[in-house]
Amino acid sequence: MSHSYIDSYLGQELTLETITPLYKNEGHEIYWLGIDDETAFRCNAYLIKDNDEYIIVDPGSRSFFAQVQERVSQITDLKNVKGLILCHQDPDVAASMIDWLDFNPEILIISSARTNVLLPHYGRSDYEFYDITEDNSYSFKSGRKLTFVEAPFLHFPGAFTTYDNESSFLFSGDIWAALDITWNLTVSDFEEHKMNMDLFHLDYMASNVAARGYVRQLDGISIEAILPQHGSIIPKGFVLDALEYLKNLRCGVDLVYSDLSV
Ligand SMILES: [Fe+2]
Ligand SMILES: [Fe+2]
């Protein structure tokens, strides 16, 4: 039996007032926090719960901090937020780390070494840092694990993605991000979705080699759903199409210097 709720939201209107469960199984839960960022650059913040441990994936900008906090407090006492995963340092991903640290200085910052060079520019460097570059997995007290898959130059040199071993969900950050003003939690038409992903990838992602190199690193990993930081969630039925999309992607310097490409 699947413990993922993602397919059940296909084509459904969801409320932004409450958080939306995406996965539940024996103390392990995943939520889409549903902040009402209704721009084309809509940011997705996610919450992973493992028993009494809570980790926010890409908490977002300072302007949504109060709303993200309010959403999390619908599930648990805010003191239970143990860590923030920051897939790179962009302000739409990471700026609210300063507000979370001001709220609770004990919060663990989980990120790559290259990202961590830049994070102190948000105003604090006195945090506990979990370096995914040194240890590519994080274990909850239950023994369940998150596995980090580095994604160099997609789009930041130190970008990485997070695979939740229990749910097989892949939190992909800016990879497979899509720009779209119409609001849908899950992709229903992949051909149309490709155009929305192109709007982001062609300008932001470094190159086809970077994209194919990342896909190669995912070899052998079974993916139930792809949860990007912008745009709709890609459900299992389109995961192979999504991998194929990245393999064939020509973007970034492939296009800017197309005359130099082989
Ligand atoms: Fe970014
Ligand atoms: Fe982003």
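The values are calculated or read from the model by the stated rules, or taken from the named source; none is laboratory data. Not measured: the values here are computed from a predicted model. All Cβ positions, even for glycine, are placed from backbone atoms using ideal geometry, and neighbour counts span all protein chains on display. Please note that ligands, DNA and RNA were not included when accessible areas were found on the heavy atoms of the full protein model with its side chains. Shrake-Rupley method; radii C 1.70, N 1.55, O 1.52, S 1.80 Å.
Of note:
- Range in the chain, longest, excluding exposed GluC sites (Glu not before Pro) [loop by DSSP; at most 12 other beta-carbon atoms within 10 Å]: 135-262
- Residue-normalised accessible area of segment 187-262, given per residue in Å² at a 1.4 Å probe: 52
- Of 82/141; 145/194; 24/236; 49/79; 82/236, pairs whose Cα-Cα distance is over 20 Å: 145/194; 82/236
- Listed residue (87, 140, 187) projecting farthest to the positive dipole end of the chain, Cβ model: 140
- Other-chain or far-sequence residues with amide H under 5 Å of residue 161's (modelled H): 149, 150, 151
- Segment 6-260 - Kirkwood radius from inverse mean 1/r over Cα pairs (Å): 18.2
- Surface composition of the chain: carbon and sulfur atoms hold 51% of the protein heavy-atom accessible area at a 1.4 Å probe.
- Taking the inverse of the mean 1/r over every pair of distinct Cα atoms in segment 36-91 gives a Kirkwood hydrodynamic radius of 11.9 Å.
- Of all DSSP beta bridges confined to segment 1-129, the antiparallel ones make up roughly 65%.
- Whole-Å distance, taken between Cα centres, linking segment 1-27 and segment 41-78: 16
- Of the beta bridges in the chain, as assigned by DSSP with both residues counted there, near 65 percent are antiparallel.
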